[in-house]
1. Which residue, of V147, V175, is within 16 Å of the ligand (Cβ to nearest atom) and surrounded by fewer than 19 Cβ atoms within 10 Å (Cβ to Cβ)?
2. Quick one: A157 ticks every box in (1) touching a Pro at 6+ places or on another chain (Cβ under 7 Å); (2) open to solvent by 10 Å² or more (accessible area, probe 1.4 Å); (3) hydrophobic (A, V, I, L, M, F, W, C) except a single one, so which number is it?
3. Looking at (1) among the polar types (S, T, N, Q); (2) within 16 Å of the ligand (Cβ to nearest atom); (3) crowded, with 16+ Cβ neighbours inside 10 Å; (4) more than 19 Å from G79 (Cβ to Cβ), which is the only condition Q198 fails?
4. Got a sec? Which of E22, E81 is open to solvent by 10 Å² or more (accessible area, probe 1.4 Å), under 30 Å from A128 (Cβ atoms) and acidic (D, E)?
5. Please determine, by comparing only the residues of the range 273-292 that are out of contact with any Gly (no Cβ under 7 Å at 6 or more places or on another chain) and among the small types (G, A, S), which one is nearest to A252 (Cα to Cα).
6. Determine whether the range 319-337 contains at least one residue that is outside any strand (DSSP E or B) and open to solvent by 60 Å² or more (accessible area, probe 1.4 Å).
7. Tell me which residues, restricted to the range 342-394, are part of a helix (DSSP H, G or I), open to solvent by 30 Å² or more (accessible area, probe 1.4 Å), in contact (Cβ under 8 Å) with a residue 40 or more places away in the chain and more than 19 Å from A45 (Cα to Cα).
8. Just one of (1) at pLDDT below 95; (2) under 27 Å from G303 (Cα atoms); (3) in contact with a helix residue (DSSP H, G or I) (Cβ under 8 Å, 6 or more places away or on another chain) trips up G349, so point out which.
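The values are calculated or read from the model by the stated rules, or taken from the named source; none is laboratory data. From a predicted model like this one, the values you see are computed outputs, not experimental measurements. Cβ placement follows ideal geometry from the backbone for every residue including glycine, while neighbour counts extend to all protein chains displayed. Please note that ligands, DNA and RNA were not included when accessible areas were found on the heavy atoms of the full protein model with its side chains. Shrake-Rupley method; radii C 1.70, N 1.55, O 1.52, S 1.80 Å.
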Amino acid sequence: MKIRIGIEALGVAVPRRYVDIEDLARARGIDPAKYTQGLGAREMAVAEPGEDTVALAATAARRALEGIDRDSLGMLVVGTETGVDHSKAVASFVHGLLDLPPTMRVYDAQHACYGGTAGLMAAVEWIAAGSGKSALVICSDIARYGVATAGEPTQGAGAIAMVVSANPSILELDVGISGAYSAHVHDFWRPLGHREAQVDGHYSVQCYLDALAGAYRGWKERAIARELVRGDGLVSERLARICYHVPFCKMARKAHVALRRCDLDGDDTGADASFREQVEPSLGLCARVGNVYTGSLYFALAGLLDDQAASLVGQRIGLFSYGSGCTSEFFSGVVAPRAAERIAAARVGEILAARARISVDEYERIMALVAPFDDTSAPGTFRFTGVTEHRRQYTSA
Ligand code: COA
């Protein structure tokens with residue numbers, strides 16, 4: 001009998017502060033329309049040092065695990081490209097902070113923004129192999145390009161934790177049907193010891209689009225062979241929605257236009273309408289948080305389901321994960337009957353509404369900090385408090 005595998009529960013965490021993207025544009029002497037329309041941004045999450053990758057991951061995981069039997073877990077993977085130690089895994093900190101069972105496989109996965117998908121795929125394959133347990137997969141990152149750089153308006157931070165199991169009450173994945181594409185390119189990287197990323201921005205957009213075409217073709221071939229997609233018209237239109245990796249919202253539009261080109265011979269007259277229906281509903285949450293590297297694709301998924309889960313039950317959605325450097329994967333899944341109820345439990349709107357808008361001056365001050373500056377935690381969240389004898393310390397409210 002086929003095992004159903006996918007996402008059973010999820011939780012999100014975002015920093016407590018954000019900058020309005022129009023304030024940032026004005027402070028840089030740039031037309032705000034470049035950031036709002038040109039990049040599709042609205043707000044950008046700003047993490048202070050106390051809200052590090054571990055604290056965000058543990059907070060998201062605690063939320064995802066509400067109502068889940070912790071003894072059902074046998075694996076914890078954190079996908080991140082902004083870890084806190086060259087050796088000790090973020091997952092190891094999270095495992096301890098949440099007091100999870102010792103009989104678990106616990107590790108980090110890294111390949112730029114793809115790390116979370118690496119964790120998700122490993123979890124799915126491990127469950128399909130008969131582990132008999134569930135997995136906790138967390139994507140947690142702080143995207144930093146630096147003050148007054150071209151990448152500055154595409155920063156952000158946050159974490160999303162997913163319980164992956166044989167009881168996929170949010171999204172049942174099409175196991176074994178995905179397309180992958182990789183190439184050795186220098187589009188984005190962060191040399192050891194650097195806080196900010198190096199990026200060849202326009203080249204990275206092209207690398208993303210090339211990878212998308214390669215990965216999508218692989219998925220399409222398998223999806224047709226396994227009769228997942230049927231009917232007339234473009235294969236991509238057989239997907240009710242498509243969630244893309246979203247380093248900035250406009251990237252999802254570029255991606256969607258390029259994806260359709262893989263299906264079309266001639267001119268594309270339906271791209272605008274198709275973007276509005278298939279992609280735009282997934283961008284609301286991303287536009288309010290900014291880039292979350294490994295988490296961006298899954299923030300798109302969470303935002304989409306928070307908005308439309310009830311009307312998408314039983315429908316198939318596509319997902320594209322891209323990690324610079326590069327590797328990528330296109331895969332799909334079907335929205336499960338309890339998706340609306342489970343996503344409501346994640347309280348995404350409430351978490352966003354609890355944030356405070358800060359000035360650009362305050363954002364610049366926070367960006368320059370290396371030690372936590374504020375010792376108050378919001379209820380239910382974790383915080384990094386400092387280093388004692390080379391050991392990072394955390395607290396929870
Ligand atoms: N009003 C409306 N739109 C405007 C505008 C204005 N006044 N001024 C510019 N724009 C548009 C441009 O036409 C462009 O749109 P297009 O891409 O559809 O042509 C968009 O705004 C961005 O302008 P551009 O000049 O290309 O921006 P930039 O050179 O400052 O850099 C990135 C943009 C994305 C390359 C940069 O932010 C970056 O490096 N980001 C990090 C890397 C990244 O996220 N890569 C993604 C793949 S992983």
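1. V147
2. Every listed condition holds for A157 apart from (2).
3. Here Q198 clears every test but (3).
4. On the way: E22 fails: under 30 Å from A128 (Cβ atoms).
The match here is E81.
5. Ranking the qualifying residues of the range 273-292, first place goes to S274.
6. In the first step, residues of the range 319-337 are kept if they are outside any strand (DSSP E or B); the result is 324-326, 336-337.
Retained after the next criterion (residues that are open to solvent by 60 Å² or more (accessible area, probe 1.4 Å)): 337.
Yes; the residues of the range 319-337 include at least one that is outside any strand (DSSP E or B) and open to solvent by 60 Å² or more (accessible area, probe 1.4 Å).
7. R342, A345
8. Tallying (1) at pLDDT below 95; (2) under 27 Å from G303 (Cα atoms); (3) in contact with a helix residue (DSSP H, G or I) (Cβ under 8 Å, 6 or more places away or on another chain), G349 fails exactly one: (1).
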